[in-house]
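> Below is a structure I'd like to ask you about.
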Amino acid sequence: MKVLHIVPQPISMTLQPDTFQFTAETALVAGTGAEEVTALAHLQLEQAGLDLPLGEEGAQGKVIFELIPDLNLPGSEGYHLSITPEEIRIRAREAAGLFYGLQSLRQMVLASQEDFRLPCVEIEDYPRFRWRGAMLDVSRHFMPKSFVMKFIDLLALHKLNTFHWHLTDDQGWRIEIKRYPRLTEVGSRRKETIIGRPSWTDPAEDRFDGIPHGGFYTQEEIREVVEYAHQRFVNIVPEIEMPGHSTAAIAAYPELGNTGRPVEVATRWGIFEDIFNVEESTFRFLQNVLDEVMDLFPSPFIHIGGDEVPKQQWRESPRVQQRMRELGISSEEELQSYFVRRMDAFLFARGRHLIGWDEILEGGLAPGAAVMSWRGEAGGIAAAQAGHEVVMAPNTCTYLDYYQGQPEREPLAIGGFIPLEKVYAYEPIPAEIPPDKAHLILGAQAQLWTEYMPTPEHVEYMAFPRLCALSEVVWSRPEQKNFEQFMERLRTHVSRLERLGVNYRKLED
Ligand code: ACM
């Protein structure tokens, strides 16, 4: 039964004889506390071709959503989905579970062709990890709000619950901060963009398109996206990069930098020397920014970047060296650690947790910080061994900006090679982690850095179907994994992506 080719693979499915037939009278019925999910069911099933009336408990031929507080399922996101000839019943302990039951049903309807007939089945399902995510970089190329929402809906379709929004970087600041309007007036625009990859040997060889690039989200737009994500049980983790990858902010406010020289929003790709200084006024600036960010995003985690920080300017700055002496800090690595610790304490005092890329381990990890392990798994292993929470995002398996096929047959990408099989085979808990620390691995996520993805269609091409594989890595059980069987399901699943207008990369025969 192809409609049951659900991605990610449910924990257990028992096929029954017989079928359920949707008709124009089939009603959607909300049990107590299930009203919001039921309203969303109406919307999502309409998108899949079924315009169902909202009905009463007694309705014939119904789809019912029920919260059952003592339902026996692990975690808070699990669900039971039961399809009999008479009704479809989705039960869960919490609304998130009802939502995931709806996603399974939505997938079935999307694959049911025109007849809207579903096989009778009993499904019991719940996720393996609690952080199931994807990161989207909107700095290198700005992505319109409508696409961000479409992307979030696609995450939810795959039962992913975390959208990491990379909002600031050298090439553009994309979030309105009311207190510092120049961040977007100046920092959201660059005068042009490099064509192709930067030269390895001589920047003078780089060529540029001469076309200004810009864009940002107003706070009102961000609130709209956060609400849209919330309805789909997706938490948005905002990332504000510091102390490196901050050229756009320094272009807007040069006093945040170390040299006093004016800088421009970056127009090429790479790692840039301009980083924040360590003046008290700069800490205040960043904390004021984070205050506005926390106002917009309810996320328990706030990402402060922390990756790829060249320390040359700190070494050369008399002001920074003086501050280090005053603070009794003897190395620039330790100074970065001091920087991150201050942000950690600031966020912690406001009930949030800091998360940063694995460089935040260097010079000593801040006490409450969680680590996002990207340079392979070593950072994640060290952090978990030291008792810190970890999200796995290794560039060996989860960087969807890397090539997915032979480079000569693919659009230009940053490099690397991470085909579908490699994403699928990824195991987020490294063998080095002792069993009593395994719970510290919160989960894993995919990365979409957009240097070489100028449009939403290109992002979709790089994301799908590899993100489908990632969804199985973080949702399903490792003992269930079987790549050939996944490919069989994927052949049905891409028809759903097609119906949702996703520019996925076609499967090879
Ligand atoms: C990263 O890829 N610089 C986190």
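The values are calculated or read from the model by the stated rules, or taken from the named source; none is laboratory data. Computed from a predicted structure; not experimentally measured. Counting neighbours? That spans all protein chains shown, and the Cβs are built from the backbone with ideal geometry, glycine included. Each accessible area value is taken on the protein alone, full model and side chains, heavy atoms only, with ligands, DNA and RNA left out. Shrake-Rupley method; radii C 1.70, N 1.55, O 1.52, S 1.80 Å.
> Counting only residues that are open to solvent by 50 Å² or more (accessible area, probe 1.4 Å) and either over 17 Å from E508 (Cβ atoms) or in contact with a strand residue (DSSP E or B) (Cβ under 6 Å, 6 or more places away or on another chain) (or both), how many does the range 403-415 have?
Here the count works out to 2.
> If you don't mind, another one. Provide a single number: the residues in the range 310-348 that are within 16 Å of the ligand (Cβ to nearest atom) and under 17 Å from F283 (Cα atoms).
2
> Further question: Just to verify a result, which residue in the range 67-80, among those that are within 27 Å of the chain's Cα centre (by Cα) and closer than 17 Å to T14 by Cβ, is modelled with the lowest pLDDT?
L73
> Continuing with this model, one more query. In the range 237-251, is there at least one residue being open to solvent by 20 Å² or more (accessible area, probe 1.4 Å) and not in a strand (DSSP E or B)?
So far as the range 237-251 goes, no, none of its residues is open to solvent by 20 Å² or more (accessible area, probe 1.4 Å) and not in a strand (DSSP E or B).
> Conditions first: (1) farther than 24 Å from L442 by Cβ; (2) surrounded by 14 or more Cβ atoms within 10 Å (Cβ to Cβ); (3) aliphatic (A, V, I, L, M). M294 passes all but one, so which condition is the exception?
Among (1) farther than 24 Å from L442 by Cβ; (2) surrounded by 14 or more Cβ atoms within 10 Å (Cβ to Cβ); (3) aliphatic (A, V, I, L, M), M294 violates only (1).
> A follow-up question, please. Which of the residues belonging to the range 256-295 are part of a loop (DSSP other than H, G, I, E, B), polar (S, T, N, Q) and touching a helix residue (DSSP H, G or I) at 6+ places or on another chain (Cβ under 9 Å)?
Within the range 256-295, N258, T259, N277 meet the criteria.
> Same structure again: If I ask for residues that are out of contact with any helix residue (DSSP H, G or I) (no Cβ under 8 Å at 6 or more places or on another chain), among the aromatic types (F, W, Y) and part of a loop (DSSP other than H, G, I, E, B), which ones from the range 175-215 would you list?
Of everything in the range 175-215, just one residue is out of contact with any helix residue (DSSP H, G or I) (no Cβ under 8 Å at 6 or more places or on another chain), among the aromatic types (F, W, Y) and part of a loop (DSSP other than H, G, I, E, B), namely W200.
> Also, quick follow-up: Name, by its number, the condition in (1) free of Cβ contacts under 8 Å to residues at least 12 places away in the same chain; (2) open to solvent by less than 60 Å² (accessible area, probe 1.4 Å) that does not hold for T218.
Here T218 meets the rest and fails (1).
> Give the residues of the range 349-364 that are closer than 23 Å to I441 by Cβ and either within 16 Å of the ligand (Cβ to nearest atom) or open to solvent by 30 Å² or more (accessible area, probe 1.4 Å) (or both), sorted by residue number.
Scanning the range 349-364 gives R352, H353, L354, I355, G356, W357, D358, E359, I360, L361, E362.
Let's see how each residue does on (1) modelled with pLDDT of 95 or more; (2) closer than 11 Å to F20 by Cα; (3) crowded, with 21+ Cβ neighbours inside 10 Å:
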| residue | (1), (2), (3) |
| --- | --- |
| R89 | yes, no, no |
| A92 | yes, no, yes |
| Q107 | yes, no, yes |
| S112 | no, no, no |
| V121 | yes, yes, yes |
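> Evaluate the following for L412: is it more than 13 Å from the ligand (Cβ to nearest atom) and part of a strand (DSSP E or B)?
No: the conditions fail for L412.
> A further question follows. Can you give me the ranges of the helices (runs of 4 or more DSSP H) entirely in the range 443-509 with at least 1 residues that are open to solvent by 10 Å² or more (accessible area, probe 1.4 Å)?
Once the helices (runs of 4 or more DSSP H) in the range 443-509 are filtered for at least 1 residues that are open to solvent by 10 Å² or more (accessible area, probe 1.4 Å), what remains is 456-463, 483-499.
> Also: Taking the conditions exactly as written (of a type in the set (A, V, I, L, M, F, W, C), in a loop (DSSP other than H, G, I, E, B), in contact with a helix residue (DSSP H, G or I) (Cβ under 9 Å, 6 or more places away or on another chain) and within 21 Å of L155 (Cα to Cα)), does C397 satisfy them or not?
When the stated conditions are applied, C397 passes them.
> Another one. Take the residues in the range 372-393 that are free of Cβ contacts under 8 Å to residues at least 40 places away in the same chain and within 12 Å of the ligand (Cβ to nearest atom); name whichever of them is most open to solvent (accessible area, probe 1.4 Å).
R375
> Have a look at V138, V186 and point out the one that is closer than 24 Å to L354 by Cα and crowded, with 16+ Cβ neighbours inside 10 Å.
Every option except V138 fails the conditions.
> Name the one entry in G133, G196 that is over 16 Å from the mean Cα position of the chain (by Cα) and modelled with pLDDT of 95 or more.
Going through G133, G196 in turn, the sole match is G196.
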